[in-house]
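A short worksheet on the structure shown next.
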Amino acid sequence: MDYEKFFAERINALQDEGNYRVFADLERKVGAFPRADNYRENGVEEVTVWCSNDYLGMGQNEEVLQAMREALGKCGAGAGGTRNISGTNHYHVLLEEELAKLHGTEAALIFTSGYVANFTTLSTLGSKMPGMLIISDDQNHNSMIEGIRLGRSEKVVFKHNDLEDLERILKDVPLDRPKMIAFESVYSMDGDIAPIKEICDLADKYNAMTYIDEVHAVGLYGEHGAGVAERDGLMDRLTIIQGTMAKGFGVVGGYIAGSKAMCDFVRSFGQGFIFSTSIPPAVAAGCRASIQYVSQHNEIRLKHKERVRYLRQKLDAVGIPHLDNPSHIIPVMVGDPVLCKQASDMLMEHYNQYVQPINYPTVPKGTERLRFTPSPLHSEEMINELVACLVKVWEHLGLKKAAA
């Protein structure tokens with residue numbers, strides 16, 4: 001077999017389909033978010049970033065940066081290894097305590113990323129609990145799907161946010177069989193939100209555990225930023241809350257929160273935890289500082305909601321089609337992979353507006369989109385400029401507008 005030919009042919013096929021991913025070469029600028037420098041063949045241009053998952057701009061927060069500097073000065077760069085050998089630092093302990101406090105749980109456990117948290121926890125529960133059944137929403141993130149697959153427990157998929165379908169499945173499972181409903185709070189591509197209370201009601205009725213992925217919600221929802229479950233007063237009804245520190249908290253790392261016994265179980269049996277080098281102490285310190293700041297400053301969430309509302313209003317005014325949803329995620333629909341890439345390229349190359357095209361397999365074919373995530377640091381002037389640029393791109397490419 002000609003291995004290099006195989007690699008090249010597959011890449012060429014992706015390019016022909018319009019699904020080849022090109023990464024923008026960006027340099028974030030401290031104190032200037034959402035501005036960044038874009039390195040191009042002909043030089044460097046300043047661009048406005050519209051698709052960052054640093055939803056609140058906390059990666060630029062001075063209290064976070066200072067906490068990281070102090071920890072770096074005290075502990076150095078790395079953690080020293082896995083948590084089991086030499087990599088448990090006092091900053092890790094403090095961060096886990098802060099996360100448990102945020103979610104009102106007995107304990108928390110940190111991982112190198114939200115992906116690893118999902119992958120490890122779900123695979124561990126699936127493989128170590130005899131007879132385990134995991135009932136998974138059909139729009140769950142790849143990290144959840146792969147974790148469930150690796151655990152090799154029985155899995156049943158229910159229709160997205162469909163309570164009738166979920167109950168249909170639960171009715172056929174013996175009450176005493178170990179089972180868990182796995183779902184997300186905010187779904188990152190369409191921006192819809194799960195019916196958490198109703199799912200918890202079904203879990204109680206049919207003796208199931210609940211596993212909620214709040215990665216696109218922590219920091220952004222609830223009085224203290226603990227997520228949609230906090231906003232709705234439901235945190236105490238969930239068995240496992242999973243989150244990230246890379247989005248609303250602006251740093252990096254993932255975690256689970258729940259009972260002390262459950263966290264200890266995953267800590268003791270989860271291979272993705274046991275064999276992974278732990279996050280650097282400076283990172284843990286920055287995460288903790290960000291959580292503390294966000295939990296005490298609800299005004300940042302209110303400003304964030306206002307900016308989201310303002311962008312939606314401006315898009316509506318000019319007929320740029322976007323999915324209506326109750327979250328902070330604004331998917332502007334294109335519906336064609338080639339045109340979606342062209343729209344993204346035009347925005348960047350001609351107008352210095354950066355938004356990454358979202359194509360298959362991240363979203364189903366025919367639903368390609370530009371995914372906008374305005375932050376509290378995007379001004380009204382920035383939003384007005386973006387919308388004016390979108391109108392020009394839509395006209396140039398002949399893209400469909402929303403019905404008046």
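The values are calculated or read from the model by the stated rules, or taken from the named source; none is laboratory data. Predicted, not measured: the structure shown is a model, and the values here were computed from it. Positions of Cβ are generated from backbone atoms using ideal geometry, with glycine treated the same way; all protein chains shown enter the neighbour counts. The accessibility values were calculated without ligands, DNA or RNA, using every heavy atom of the protein model including side chains. Shrake-Rupley method; radii C 1.70, N 1.55, O 1.52, S 1.80 Å.
Taking the 1.4 Å solvent-accessible surface of the range 234-277 as the whole, the part contributed by carbon and sulfur is 56%. When only alpha carbons of the range 349-404 are considered, Rg and Dmax amount to 12.9, 34 Å. Only the Cβ atoms of Lys and Arg (+1) and of Asp and Glu (-1) were treated as charged; on that basis the dipole of the chain about its Cα centre amounts to roughly 500 debye.
Here the Gaussian network model covers the chain, with springs between Cα atoms less than 10 Å apart; of P374, P280, P326, P326 fluctuates the most. The length gained on full extension between Q296 and E146, counted as 0.36 nm times the residue separation minus their Cα-Cα distance, comes to 50.5 nm. Name the residue farthest towards the positive end of the dipole of the chain from the options M144, T121, V218, assuming +1 on Cβ of Lys and Arg, -1 on Cβ of Asp and Glu, about the Cα centre. In the chain, that residue is T121. Computed over protein heavy atoms with a 1.4 Å probe, the carbon and sulfur contribution to the accessible area of the range 88-139 reaches 54%. Rounded, prolate or oblate: which fits the range 137-263, taking a ≥ b ≥ c as square roots of the Cα gyration tensor eigenvalues, rounded meaning a/c under 1.5, else prolate when a/b beats b/c? Since a/c reaches 1.5 and a/b is larger than b/c, the shape of the range 137-263 is classed as prolate. Straight-distance candidates among the lysines for linking to K128, with alpha-carbon spacing under 25 Å and chain neighbours fewer than 8 residues away dropped: K155, K171, K179, K205, K260. Spin-label model, D345 to E380: label points 7 Å out along the Cα-to-beta-carbon direction sit 3.6 nm apart.
The range 320-371 and the range 71-145 have their alpha-carbon centroids 32 Å apart. When the residues K260, K247, K314, K197 are ordered by accessible surface, computed with a 1.4 Å probe over the protein chains alone, the sequence from largest down reads K260, K197, K314, K247.
Can you give the accessible area per residue of the range 237-285, in Å², using a 1.4 Å probe?
Here the residues of the range 237-285 average 33 Å² of exposed surface.
Multiplying the residue separation of K29 and E9 by 0.36 nm and removing their Cα-Cα distance gives an extension gain of 3.4 nm. Averaged per residue, the range 315-361 has 39 square angstrom of accessible surface, using a 1.4 angstrom probe with ligands and nucleic acids left out.
Rounded to the nearest angstrom and listed largest first, the equivalent-ellipsoid semi-axes of the range 252-404 from its Cα gyration tensor are 37, 21, 15. Here the Gaussian network model covers the chain, with springs between Cα atoms less than 10 Å apart; of F372, F158, F275, F275 fluctuates the most.
Equivalent-ellipsoid semi-axes for the range 310-353 (Cα gyration tensor, √(5λ), whole Å, largest first): 20, 13, 10. Sorting S375, S153 on solvent-accessible area from highest to lowest, probe radius 1.4 Å, gives S153, S375. Placing a label point 7 Å from the Cα of T88 along the Cα-to-Cβ direction, the residues of the range 253-267 with a backbone N closer than 13 Å are 264-265, 267.
Averaged per residue, what accessible surface does the range 10-145 expose to a 1.4 Å probe, in Å²?
Working: 6660 Å² over 136 residues.
Ligands and nucleic acids excluded, the figure is 49 Å² per residue.
The packing ranking of peptides 383-392, 178-187, 232-241, highest mean first, is 178-187, 232-241, 383-392, where packing means the average number of other beta carbon atoms within 10 angstrom of each residue.
Using just its DSSP H runs of length 4 or more, each adding -39500 (n - 2.57), the chain gives a mean residue ellipticity at 222 nm of -13500 deg cm²/dmol after division by all residues. Of all beta bridges that DSSP places with both ends in the chain, some 60 percent have antiparallel geometry. With distances taken between every two different alpha-carbon atoms, the range 90-197 has a Kirkwood hydrodynamic radius of 15.2 Å. Note that the chain shows a convex hull volume over its alpha carbon atoms of 168 Å³ per residue. Report the residue, chosen from H350, H304, H328, that carries the largest GNM mean-square fluctuation when the chain is represented by alpha-carbon nodes joined by springs under 10 Å. The residue that fluctuates most here is H350.
Before anything else, pin down the relative contact order of the chain: Cα pairs under 8 Å, at least 6 apart, normalised by residue count, whole percent.
Relative contact order of the chain: 22 percent.
Once you sort the root eigenvalues of the Cα gyration tensor of the range 1-148 as a ≥ b ≥ c, which label holds: rounded (a/c under 1.5), prolate (a/b larger than b/c) or oblate (the other case)? Oblate, because a/c is 1.5 or more while a/b does not exceed b/c.
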